[in-house]
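Notes follow the structure.
All of the numbers you see were taken from the coordinates with simple rules; none came from a lab. Since we're looking at a predicted model, the values are computed, not measured.
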């Protein structure tokens, strides 16, 4: 019998991706991680915005470009000084170019537990439908 112990692979630390060329806002700006899913007659986008209150999220849809901006309020007591930080404060920014398949008038958003959910319904012409076969 072997006395070797199987070791689990090391956990990899994942850094937030900072946008390198963002110069229009003060402080760091990060690109939020997203999942994009197709569900029936709509697409869903889930964006991770940890620590962001829904009141500080702005979503714009202009000329088929959906932009997401969010600000993380720094509620740090000035009497404290950081000895070590791994979570960097800053805003979030992400853009999506939408096809004509999306019904821009019906796009909606909701947020829960730091995750933004965007619903992008398909235009009726692009929705799947079943075709009934009739006897001739």
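Structural remarks
- Rounded, prolate or oblate (a/c below 1.5 giving rounded, otherwise prolate when a/b exceeds b/c) for region 26-129 by Cα gyration tensor: prolate
- Spread of Cα-to-Cα distances over 10 Å intervals beginning at zero, given as percent, for region 40-95: 17, 41, 26, 11, 4, 0
- Compactness of region 91-136 is given as radius of gyration and Dmax, 16.6, 62 Å, from Cα positions.
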